[in-house]
Amino acid sequence: MSDENGVLDFPARKPHRGLAALTQEKEKTTDEARCAAFGFLRGLDQRALAVEFRFRDGNSDWFPYSLLALWRHNPSVGLLLKFTGDLVTLVLIRGSNLDAVLRDKEINLTDRGFQRHRITFVREMDEDELGKAGEGEPTIDRIEVAECESNEEVQAWLKKVAPAFIRGHN
């Protein structure tokens with residue numbers, strides 16, 4: 001409906017679109033994208049301030065990239081990240097194809113992701129999602145977090161949970 005001054009002109013409503021179409025449209029208009037296992041910033045020169053770890057139970061932990069001291073990748077064990085602050089926090093990401101580059105995205109979790117501070121979140125996938133993952137696609141089975149007050153606690157946790165990450169371990 002319209003009056004002489006055009007005050008009551010309303011824009012035409014767009015027809016309803018499915019969730020997939022809305023997600024694709026949002027990805028085209030934002031700086032972020034995602035796969036089933038993690039989210040990332042699109043631009044090669046973009047940097048995230050923090051990374052979120054999303055657990056199956058609905059809880060999340062966030063860590064600023066400024067506290068990321070190191071990370072190590074061992075394909076047979078996973079990806080180990082060390083955040084240092086008042087405590088040393090170790091985050092062990094277990095899964096498969098953690099260093100696989102996503103098709104047409106030029107991103108992975110390792111050298112193109114965490115190293116460049118482009119990963120915005122990492123999430124544990126449920127059994128259905130793990131079963132649907134394609135060949136060579138990154139999957140996240142589990143995320144383990146340990147907070148340690150001393151180097152001895154770090155070494156004890158690594159010895160128990162992921163001894164392959166201890167230097168000099170055979």
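Bear in mind that the values in this text are calculations on the coordinates, not laboratory data. Model, not experiment: these values are computed from the prediction. With ideal geometry, Cβ positions are generated from the backbone for all residues, glycine too; neighbour counts draw on all protein chains shown.
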Please give me the summed charge of the neighbours of Arg54: other residues whose Cβ is under 10 Å from its Cβ, Lys and Arg +1, Asp and Glu -1. -2
For Trp62, Trp71, ascending order of other Cβ atoms within 10 Å (fewest first) is Trp62, Trp71
Once you keep just the Cα pairs under 8 angstrom separated by 6 or more residues, what percentage relative contact order results for region 74-170? 32
Which one of Val51, Asn74, Cys35 has its Cα pushed farthest toward the positive end of the charge dipole of region 25-88, where Lys and Arg give +1 and Asp and Glu give -1 at the Cβ? Asn74
Kindly work out what percent of the DSSP beta bridges joining two residues of region 30-170 are antiparallel, to the nearest 5. 90
